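The values are calculated or read from the model by the stated rules, or taken from the named source; none is laboratory data. On a predicted model such as this, the values are computed, not experimentally measured, just so you know. A quick note on method: Cβ atoms are made from the backbone with ideal geometry, for glycine too, and the neighbour counts reach across all protein chains shown. The area values use the complete protein model at the heavy-atom level, side chains included, leaving out ligands, DNA and RNA. Shrake-Rupley method; radii C 1.70, N 1.55, O 1.52, S 1.80 Å.
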Amino acid sequence: MIYTVTLNPAVDKQITVPTVSLGTVLRASAVQSDPGGKGFNVSRALKMQDVPSCALGFVGGATGDFLVTALEELGIKTDFVRVAEPTRTNVSVVSETEGPHLKVNEAGPTIDANALDLFLSKVRDLAQAGDWWVLAGSLPPGVPTDIYTNLTAVLSDAGANVVVDTSGSALKSCIDAKPALIKPNHHEAAALLERSIDTLSDAAEAALQLHNGGIPYVVISMGAEGAVLATNGVAHIAEAPEIVERNPIGAGDSMVAGLVNKLSAQLPAADALAWGIATGAMSASLDGTAFGSSMQIAELVKQVELEHYGEE
Ligand SMILES: Nc1ncnc2c1ncn2[C@@H]1O[C@H](COP(=O)(O)OP(=O)(O)OP(=O)(O)O)[C@@H](O)[C@H]1O
Ligand SMILES: [Mg+2]
């Protein structure tokens with residue numbers, strides 16, 4: 001089974017108006033609400049590739065109910081811990097044409113010690129050898145910054161494969177617990193290593209550095225440039241296929257889904273990287289936070305050519 005963990009989920013609400021202007025009442029011409037959160041994105045992208053997963057995290061109130069229903073309607077299993085305060089809503093106000101938009105993110109409910117304990121014991125109960133767990137995104141108020149480190153340790157001890165996709169101190173802290181796979185983008189990896197990463201070769205060196213520190217799979221993504229994967233002492237490098245970019249937000253989450261799909265099916269690492277790159281590119285070519293089907297990704301992956309750097 002593949003589990004995705006979204007500790008700080010949101011209802012992403014997009015309100016479309018004719019033009020965005022301040023100091024006046026704007027009339028919505030369309031309203032769209034979607035489940036928001038990086039772990040959910042991974043589950044949604046996996047579902048588009050016909051791969052089942054179960055979404056975990058904290059939800060509360062009517063907004064939390066909306067998330068459960070929306071995910072289950074998409075065919076994604078959920079197993080949440082309920083909290084008293086409602087799940088946050090992140091609002092974007094966008095204009096019908098191009099132009100300025102507003103985005104307001106709430107902080108999200110504070111997670112108390114009781115809810116955190118319930119979540120940790122749920123993870124301990126579910127932890128099984130061979131499963132894949134994706135821990136993705138920012139942390140809600142009340143959750144200690146080393147939560148991903150603890151979860152990685154608990155899950156790895158049980159023999160599960162842990163993927164961490166986060167940034168800043170949560171990423172820095174989890175490195176010591178040696179997750180199976182990390183996928184920072186080049187900005188996140190540069191901040192972690194305190195070095196600059198401007199080219200795919202820089203990314204390959206940085207990925208090998210992190211891999212040599214004991215992380216079996218290190219992917220560093222570079223948006224339209226492509227990505228690298230260091231594993232078994234080798235860096236695999238590939239440029240991204242050419243697409244017309246529509247919305248690149250969530251491309252990284254898609255890439256994680258593509259990587260986990262193929263690695264959990266025990267495909268060779270290089271094939272998983274190519275599929276992950278094509279999955280990310282497909283998602284970047286779609287409007288909104290949307291994900292490609294296996295057929296669409298299979299078309300794009302034909303354009304991905306890998307190079308290898310280091311001993312095979
Ligand atoms: N404009 C693009 N053209 C082609 N491929 C793209 C483009 N943007 C993203 N991709 C693909 O998606 C992968 C991941 O993108 P990126 O490096 O932007 O992730 P990210 O910064 O983690 O994104 P996010 O966290 O918003 O999901 C890239 O390695 C690439 O394969
Ligand atoms: Mg990312």
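On average over all directions, what projected area in square nanometres does the stretch 180-312 have, based on the convex hull of its Cα atoms? Walk me through the numbers before you get to the answer.
Values: hull surface 29.0 nm².
With every direction weighted equally, the projected area is 7.2 nm².
The heavy atoms of Trp275 offer some 30 square angstrom of accessible surface to a 1.4 angstrom probe. The HN-Hα couplings worked out from phi for the stretch 217-227 by the Karplus form 6.51 cos²θ - 1.76 cosθ + 1.60 (θ = phi - 60°) are 10, 10, 9, 10, 9, 10, x, 4, 5, x, 7 Hz, whole numbers, x standing for Gly and Pro. Surface composition of the stretch 152-215: carbon and sulfur atoms hold 46% of the protein heavy-atom accessible area at a 1.4 Å probe. Ordering His187, His308 by accessible surface, largest first, gives His187, His308; the 1.4 Å probe counts only protein heavy atoms, with every chain in place.
I need the shape label for the stretch 23-157. Rule: rounded when a/c is under 1.5, else prolate if a/b > b/c, else oblate, with a, b, c from the alpha carbon gyration tensor. Prolate, since a/c reaches 1.5 and a/b exceeds b/c. Taking all protein chains in place and a 1.4 Å probe, what share, in percent, of the accessible surface of the stretch 1-81 do carbon and sulfur account for? The nonpolar share, carbon plus sulfur, comes to 52 percent.
Across the stretch 47-52, rounded Karplus estimates of 3J(HN,Hα) from the backbone phi angles (6.51 cos²θ - 1.76 cosθ + 1.60, θ = phi - 60°) give 4, 5, 9, 6, 10, x Hz, Gly and Pro being marked x. For the stretch 268-275, 3J(HN,Hα) computed residue by residue from phi via the Karplus equation (6.51, -1.76, 1.60; θ = phi - 60°) reads x, 4, 5, 5, 5, 5, 4, 5 Hz, glycine and proline entered as x. For Asn185, the residues whose modelled amide H falls within less than 5 Å of its own, excluding neighbours fewer than 5 places apart on the same chain, are Ser221.
Residues Glu205, Glu188, Glu239, Glu305, sorted by accessible area with the largest first, give Glu305, Glu239, Glu205, Glu188 [1.4 Å probe; ligands and nucleic acids excluded]. For the set Thr24, Thr279, solvent exposure ranked by accessible area (probe 1.4 Å, protein chains only) runs largest to smallest as Thr24, Thr279. With loop membership from DSSP and a limit of 15 other Cβ atoms within 10 Å, the longest segment of the chain without trypsin sites (Lys or Arg not before Pro) is 28-194. Shape of the chain from its Cα gyration tensor (a ≥ b ≥ c, root eigenvalues): rounded if a/c is under 1.5, otherwise prolate when a/b > b/c, or oblate? Because a/c hits 1.5 or more and a/b fails to exceed b/c, the chain counts as oblate.
So, with +1 on the Cβ of K and R and -1 on the Cβ of D and E, and no other charges, what is the size of the charge dipole of the stretch 1-129 about its Cα centre, to the nearest 20 debye?
Details: 11 positive and 14 negative charges, 24 e Å.
That gives the stretch 1-129 a dipole magnitude of about 120 debye.
Between Leu7 and Ala136, the built amide H atoms are under 5 Å apart, and every one of these is 5 or more places off in sequence or on another chain. Think of each Lys and Arg Cβ as +1 and each Asp and Glu Cβ as -1; about the Cα centre, that makes the dipole of the chain roughly 700 debye. Quick check: Cα centre of the stretch 230-260 to Cα centre of the stretch 173-211, how many Å? Their Cα centres are 14 Å away from one another. Looking at the chain, the accessible area is 45 square angstrom per residue; that uses a 1.4 Å probe and ignores ligands, DNA and RNA.
Could you calculate the FRET efficiency of Ala224 with Thr19 from 1/(1 + (r/R0)^6), where r is the beta carbon distance between them and R0 is 35 Å, rounded to 0.05?
Numbers: r = 30 Å, r/R0 = 0.85.
With R0 = 35 Å, the Cβ-Cβ based efficiency is 0.75.
The slack in the chain from Ser196 to Ala265, taken as 0.36 nm per residue of separation less the alpha-carbon distance, amounts to 21.4 nm. The H on the amide N of Ser53, modeled in the peptide plane, is under 5 Å from the matching H of Lys77, each at least 5 residues off or on a different chain.
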